[in-house]
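Beneath this line is the structure, given in structure tokens, with notes to follow.
The values are calculated or read from the model by the stated rules, or taken from the named source; none is laboratory data. It should be emphasised that the depicted structure is a prediction, and the values quoted were computed from it without experimental measurement. Here the Cβ is made from the backbone with ideal geometry for all residues, glycine too, and neighbour counts use every protein chain on show.
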Amino acid sequence: MFKQITLKNYRTHKSTTIDIHPVTLLIGNNNSGKTNLLAGIQHFASLLRRSHPQHPKFNQPVSAEDYYPHRYRLAGDDESLSISIVWENHEGKIVYDMLVGIGTLEGEIIDDEVTGKRRVKYQLAELWYSGTIG
């Protein structure tokens, strides 16, 4: 079971740590980050599932779109984004940390002449993963 979740610079979460219990209620005003917290958990879990040999995308490189599909966040572009999850059961504890750090995303600025908007297209250069058992 998940025991603790930490989001840093993930969407509306500058630095949030939540302890998870068998029953955990997320209560808050609209736009307070409840859905973004759940999206962080879902996103992290999808990347972990992808590492399973029977997953259809196993051995395919992880792209920036896979790790960072959202367009907004409170942090600046030069600040790293991380998700940390503590998982524990009767056999032990595992700490997962995923980080997209400064300098790990190489971006190309694209001007959309139709909409007049500017966007950045990223390709992930590195993805750090550390898992600790014990």
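Sub-6 Å Cβ pairs linking a first residue in segment 81-97 that is among the acidic types (D, E) and modelled with pLDDT under 85 to a second residue that is part of a strand (DSSP E or B) and surrounded by fewer than 17 Cβ atoms within 10 Å (Cβ to Cβ), at least 6 apart or interchain, are D97/S130, ordered by first then second residue.
If you go through segment 29-47, how many residues are touching a residue at least 40 places away in the same chain (Cβ under 8 Å) and surrounded by fewer than 16 Cβ atoms within 10 Å (Cβ to Cβ)? Explain how you work it out, then say what you get.
Start the filter on segment 29-47 by keeping residues that are touching a residue at least 40 places away in the same chain (Cβ under 8 Å), which leaves 40-41, 43-44, 47.
Adding the requirement that they be surrounded by fewer than 16 Cβ atoms within 10 Å (Cβ to Cβ) leaves none.
Qualifying residue count for the region: 0.
Close contacts from segment 1-28, counting a first residue that is among the aromatic types (F, W, Y) and a second that is in a strand (DSSP E or B), with Cβ to Cβ under 9 Å and a gap of 6+ residues or different chains, come to F2/I85; F2/V86; F2/W87; F2/E88; Y10/T16; Y10/L81; Y10/S82; Y10/I83.
State all residues of segment 1-21 that are assigned to a strand (DSSP E or B) and farther than 20 Å from E88 by Cβ; if no residue qualifies, say none.
Within segment 1-21, K8, N9, Y10, H13, K14, S15 qualify.
Residues of segment 22-48 that are farther than 19 Å from W87 by Cβ and assigned to a helix (DSSP H, G or I): K34, T35, N36.
Please find, among T35, T24, the residue that is of a type in the set (V, I, T), within 14 Å of the chain's Cα centre (by Cα) and at pLDDT 85 or above. Full working, then the answer.
Values: T24 fails: within 14 Å of the chain's Cα centre (by Cα).
Within the list T35, T24, the selection yields T35.
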